[in-house]
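Only one structure is covered here, and it is reproduced in the block below.
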Amino acid sequence: MEPQKQPALRFLKPEVLSRISNLQLLAKTVVEGFLSGLHKSPYKGASVEFMSYRPYIAGDNPLHVDWKLFARTDRLYVKEFEDETNTSVNLLVDISPSMGYTSGEVSKLDYAFYLAASLGYFMWRQQEAVGLTLFDDKIVQRVPPRKASGHLLTVLQHMHRAELGNPSSMGKPLHQLAEFQRRRGFIVLISDLLDDVDALIDGIKHFRFQGHEVLIFQLFDPQEVNFDFSDMIEFEDMETGEKMVLEAKSAKDIYLKNVETFRQSVAERCAQIGAEYNFISTDQPLDFALFQFLASRIKKRT
Amino acid sequence: MSFINPLFLAALATAALPILYHLVRRIQAKQVQFSSLMFFKMTPKEVVRRRRIQHWLLMVMRCVLLGLLAFAFARPFIPKDQIPFVSQRENESVVLLVDNSYSMQFVTENGGTLLDEAKNAAEAKLGEAVGDDEYSVIAFSDKTIQLTPLDSDISIHNNAVQSLVEPSYRTTDFYSAIRLAEDVLGSASHEKKRIVLISDIQQTGWQGAFENWKLDADIDFEIVHLVNGDERENNFVDGFSLLERRVEGRVVHRFNARVSTSEEGEDLPINTVDLEIEGDKVNEQRVGGDELQRASFQYQASREGTFTGNVKLEDDRLAIDNVRYFSFSVENKPELLSVGGSIRDITRDTYYLDRAFNQGDQALYTLNIAGSGGITRSSLRNQRVVFVASQSPTSAEAGVLRRYIEEGGSVIISFDDQSEISAYNRLLGQLGLGQISDVVRARSEQGYDAIIGDVDLKHPVFSVFTESGSGAIFRPKFRQYARVQVDSSATVLGRFDSGDPFLIENELGQGRVLLYTSSLNPGWTDFTINEMFVPFLYQLVKYALSANEVKKEYLVGEGVRFEGNPGEEWDVRGPGNTLYKVAVDDSGQGFFNETDQPGHYFAAKQGGEQVVFAVNVNPQESFLASRNAEEAYGAVVPPPDEVPVTVEEARLIEIDDEERQQKFWRYVILLMVLLFATETFIANRIKK
């Protein structure tokens, strides 16, 4: 479902968010706005989902006994809740040089951090453990998932201090992280994925093999999506430094075609291994990404 | 093909701008950082190459567009003489005015003269003749000669320029020359007319009526200005004077020559001035620098007779004006005759005349005294001036005096108490002077003595008063004078303050009579005892003597008047022994106008005494400064709004007219518009 077609959503444009320097405030703004747009109380969230009752058996925690029901029925029943707190979310953010590209005010990396912060805040509100991993051709920074109350601030501070790193090579850091992250959880990969597709899929496969749910956000700048260049331009690859002089209009069709082919290839192969793939242009509101995330979580539960 | 603005052709280089822009654009492609080039690596390059070929087509069109623009701005045209099957330019009638004044003999740096250059310029102009163009050649100085009539046969004119245009010794007069050229063009066969002035356009030659006259507007005027760079220095004898003195019975001549240079504000270069008498150098003197500009020589002749001589400067680039010719005579003292009176009677004029002229060895004149009845033909022979002062002539004597005057003698008449009015009236009537109405006693008539009132101080007789300071002329007082009703043939040279004549003159035949209306003794005036009296008498005598003198100095071109009996002939031998004959007409005068060369001229009637006179160039021509050509052009042509200032501008306007008639630039612009439309169409299609 395309977010633009959701009339209920209140969109917060990335350019507007870029004026909020505090990531926590930004994340809060986004998430609270998003949730209120769903017309649901944020305090009735899914973090403490009631599942069912079962008869009390010895050894059960007396705290879980529904005493009101006991008063009415004179029988001991225990409430059963979904084990939310057992879920951890690991936010994987690509900090390779290509993520620094922007044609406007918000670079892909900025957008990635907005998104990661918003997701982190969202998870934190759900009382779930949130972790962060920044990587390029290796793991640059890793904050393991935790539920502690001040942990989110730590995650956000790491994002705030992060800088662009080396040219990306996703295979190696993904495999390493998969090894570290043995406990099943939610892997959110935020990247432009401008890398070897086979290595990427291999890395994701490793996560999937470990039992992780993988949600991929591929970020593209609008200019990368539309390629509205003209005249002779000498393009410099931000990853490799390689230069190429091109007549932009001449190259546009080919470029768009190649991008589309690439996206389809990634999407298909992600689908094949059960990873959720989302393509986002950085001029899209963050709500869309949050919606995708939520939809993905709901899908997982069902 | 020619262009009005050929400089714009340089803008053709702008046709390369699209190519240059393309190249620069390629070289200076905008640099953009992009996330990754991985999606370009599969770009087939041939796709791009094909598009570039389409751009090249547009580029060529744009190049041509810019080229055409530059071409149009250059305003192309085809000169008439290059258009095939079209007749040549309009035929024209041209008068070539070739300046042959003596300044044109200035030697240029090439070793030739300006006149040589003028001839070459004239031939060059004749070489421009096409079709039925007709030409006429006029040589001019202050004398204008049409050498050839208007004719289309160019060879005639070429011959005239080569053989008939000769150097002259005359000054320049542009006005006469241009007027003659205009007259010549009055009979021109062609509508298009032109006067070509080939000259050094000296400033001194423009003293004509140019302010009141302009050339016919239908006639084009062209100036070929001959210049010799900045080197126009010329030294010349600017002035000359000759003074004669008698010292202890000897005649001494003093020659003063003033030397000038044509460079204004510059000191005269050091120069040697030679004095030659009768062909021999007798003296020299150095002048120049910031000191002397005048050479003074003294010469005492060893014999009586006529002498020729000259003063001469060192040669420079214009040598003609470095010589000043002169002639002078050494002769016995002229004899004067006073009729009546006595040198011992202090009441009579003769006494005072004797005191004035009898100066012993230094006397310039010999004064003879004749008694009553002394006026006879024999007594007057050899007398140059006769004073009729204390004698009342009879009717016969009056006749003798008239004849004496007509034959070249001079008479000075004065009054005293013994003058009989009737006898004087008879004499004055005979001599055409007038009639005495009465003798005026000034005090009784006007209350005070008369003084000299109205005289022409430039007249030689009165020059003594100008030299003696202001007021001297008013000092003599005249108690009495004879009031004369002047004949129309006579001239009043001076008047008393009462308005009555003081001195009257009449010329009869070859002689002159002067009537002084008061007395030469103190009886009627105190003038006789005034310090001005003796100089006045000498000037009076000198003036009287000049009546039958042949002038001894002339300028080139100036006419010389000879006198004689009708039918007589004068033989004149000029420089180079050229012989001329001058006939005396019925009025007793003959005119010699062939003074074309500077030098000495010897003239004599058959059996008569030889007269020598010198002819010199006019130093006015020696000032070589040229007039600005544009200024000269403006002086001649009428000043309508679009009259070109210079010849070059005239030519440009002509070219402009040709271009306007053809208007090629319009077609070029039209072509540009079409090309531009095509380019726009193609560019849009490519874009789509």
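Computed quantities for the displayed model
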| item | result |
| --- | --- |
| Meets criteria (at pLDDT 85 or above, among the basic types (Lys, Arg) and within 19 Å of A:Lys108 (Cα to Cα)) for A:Arg263 | yes |
| Test for A:Met123: is it among the aliphatic types (A, V, I, L, M) and closer than 30 Å to A:Arg54 by Cα | yes |
| Positions within the stretch B:430-447 being of a type outside the set (A, V, I, L, M) and either in contact with a Leu (Cβ under 7 Å, 6 or more places away or on another chain) or in contact (Cβ under 8 Å) with a residue 24 or more places away in the chain (or both), in sequence order | B:Gln430, B:Gly432, B:Gly434, B:Gln435, B:Ser437, B:Asp438, B:Arg441, B:Arg443, B:Glu445, B:Gln446 |
| Strands (runs of 3 or more DSSP E) contained entirely in the stretch A:181-297, each with at least 2 residues that are within 13 Å of another protein chain (Cβ to nearest Cβ) | A:213-220, A:232-237, A:243-247 |
| Residue match in the stretch B:140-150 (condition: among the hydrophobic types (A, V, I, L, M, F, W, C) and within 16 Å of B:Val224 (Cα to Cα)) | yes |
| Among the residues listed as B:Ser168, B:Ser187, B:Ser136, the single one being surrounded by 18 or more Cβ atoms within 10 Å (Cβ to Cβ), assigned to a loop (DSSP other than H, G, I, E, B) and of a type in the set (S, T, N, Q) | B:Ser168 |
| Every pair of residues 6+ apart whose Cβ atoms lie under 9 Å, when the first sits in the stretch B:236-247 and is over 25 Å from B:Ser260 (Cα atoms) and at pLDDT below 85 while the second is assigned to a strand (DSSP E or B) and among the basic types (Lys, Arg) | B:Arg245/B:Arg254 |
| Residue match in the stretch B:562-574 (condition: in a helix (DSSP H, G or I) and under 18 Å from B:Ser168 (Cβ atoms)) | no |
| Filtered residues of the stretch B:575-603 (kept if in contact with an Asp or Glu (Cβ under 6 Å, 6 or more places away or on another chain), outside any loop (DSSP other than H, G, I, E, B) and small (Gly, Ala, Ser)) | B:Ala583 |
| Of all residues in the stretch B:246-284 being small (Gly, Ala, Ser) and part of a strand (DSSP E or B), the one that is surrounded by the fewest Cβ atoms within 10 Å (Cβ to Cβ) | B:Ser260 |
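The values are calculated or read from the model by the stated rules, or taken from the named source; none is laboratory data. Treat the numbers as computed from the prediction; the structure is a model and nothing was measured. Note that we place each Cβ from the backbone using ideal geometry, even for glycine, and neighbour counts take in every protein chain shown.
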